[in-house]
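I have placed the structure first, in the form of structure tokens, so that the comments after it can refer back to it.
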Amino acid sequence: MPASTGNVQSLTGVPGTFAEGLHPGYLYRESPDEYVDEFGAGTGTLLVKDQAGKGRVVFNEASGYRTMVSGVIVGAMQGPARDQLLAKYVGFLLHGSGTAEQREPARVSQFSLSPNPARQDGIIRFAVPPGRAGLLTIVDAFGRTVKTAPVAGARAEVHLDVPAGAYFARLVTPAGSQTLPFVVVR
């Protein structure tokens, strides 16, 4: 339907999914509300429905990959639930099962980081292989360097003063390099 007649007024996370309990509003009868796609679960799982119970976001997790498709525009969502939902989208797509917060640190060999997800004004701690001095670089999803820190011992701490989003921590040592994804939330 055209935006003038209205499609999506509010959204609700489907019970039993990682969006459960979230209720963002939407720019009702404005340009993002024009001919909004409706989804059935198909081979995925409905994640978000509108006020009429029509599926607006679907996700799928299969061996080796995760996908998500949305008929609604995240930027047109309203209220604090928008940021919470976006953080959950990113967390699902980057790591974890999408059904509960991942409490275990991400690991590659002996390089690990925690907490993940991290708060944007918090500290992220890195454990590195013993005796591996090197350089720790944090890059955003576009590959831009946002932080660098030398690592001399088995542990390093970096104060995060970066916007919420997806990041990668790369440790470069004489023995090689390792990269871990992580998420920063508000």
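The values are calculated or read from the model by the stated rules, or taken from the named source; none is laboratory data. This structure is a prediction, so every number in the text was calculated from the model and none was measured. Here the Cβ is made from the backbone with ideal geometry for all residues, glycine too, and neighbour counts use every protein chain on show.
Which numbered condition in (1) hydrophobic (A, V, I, L, M, F, W, C); (2) within 15 Å of the chain's Cα centre (by Cα); (3) modelled with pLDDT of 90 or more is the only one that residue 86 fails?
Condition not satisfied by residue 86: (3).
Any idea which of (1) among the basic types (Lys, Arg); (2) within 27 Å of residue 89 (Cβ to Cβ); (3) over 17 Å from the mean Cα position of the chain (by Cα) is the one residue 186 doesn't satisfy?
(3)
Just the residues that are surrounded by 14 or more Cβ atoms within 10 Å (Cβ to Cβ), at pLDDT 90 or above, of a type outside the set (S, T, N, Q) and more than 12 Å from residue 72 (Cβ to Cβ), please, taken from segment 1-17. Steps first, answer last, please.
Initially, segment 1-17 is screened for residues surrounded by 14 or more Cβ atoms within 10 Å (Cβ to Cβ), giving 3, 6-14, 17.
Still in the list and also at pLDDT 90 or above: 8-14, 17.
Among the residues that remain, those that are also of a type outside the set (S, T, N, Q) are: 8, 11, 13-14.
Matches in segment 1-17: 13, 14.
Going by the structure shown, is residue 36 under 15 Å from the mean Cα position of the chain (by Cα) and either farther than 30 Å from residue 179 by Cβ or in a strand (DSSP E or B) (or both)?
Working: under 15 Å from the mean Cα position of the chain (by Cα): no; either farther than 30 Å from residue 179 by Cβ or in a strand (DSSP E or B) (or both): yes.
No: the conditions fail for residue 36.
Which residue out of 165, 143, 134 is surrounded by 12 or more Cβ atoms within 10 Å (Cβ to Cβ), over 16 Å from residue 112 (Cβ atoms) and modelled with pLDDT of 80 or more?
Testing whether each residue is surrounded by 12 or more Cβ atoms within 10 Å (Cβ to Cβ), over 16 Å from residue 112 (Cβ atoms) and modelled with pLDDT of 80 or more leaves just 165.
Give segment 44-68 a look and list any residue that's without any contact (Cβ under 8 Å) to a residue 12 or more places away in the chain and in a strand (DSSP E or B), or say none.
Let us first name the residues in segment 44-68 that are without any contact (Cβ under 8 Å) to a residue 12 or more places away in the chain, namely 52-53, 62-65.
Within segment 44-68, 62, 65 meet the criteria.
Out of everything in segment 18-59 that is under 20 Å from residue 79 (Cβ atoms) and among the acidic types (Asp, Glu), what residue ends up being surrounded by the most Cβ atoms within 10 Å (Cβ to Cβ)?
Filtering first and then ranking leaves 33.
Being over 30 Å from residue 80 (Cα atoms) and surrounded by 12 or more Cβ atoms within 10 Å (Cβ to Cβ) is the filter here; which residues of segment 153-162 pass it? Break it down stepwise before answering.
Restricting attention to segment 153-162, the residues satisfying the condition of being over 30 Å from residue 80 (Cα atoms) are 153-156.
Answer for segment 153-162, where residues must be over 30 Å from residue 80 (Cα atoms) and surrounded by 12 or more Cβ atoms within 10 Å (Cβ to Cβ): 154, 156.
Go through segment 10-33 residue by residue and tally those that are under 15 Å from residue 51 (Cα atoms), small (Gly, Ala, Ser) and not in a loop (DSSP other than H, G, I, E, B).
Qualifying residue count, segment 10-33: 3.
Kindly provide the set of residues from segment 13-43 that are in contact (Cβ under 8 Å) with a residue 24 or more places away in the chain and closer than 24 Å to residue 62 by Cα, ordered by number.
Restricting attention to segment 13-43, the residues satisfying the condition of being in contact (Cβ under 8 Å) with a residue 24 or more places away in the chain are 13-14, 17-19, 22-27, 29-39.
Answer for segment 13-43, where residues must be in contact (Cβ under 8 Å) with a residue 24 or more places away in the chain and closer than 24 Å to residue 62 by Cα: 13, 14, 17, 18, 19, 37, 38, 39.
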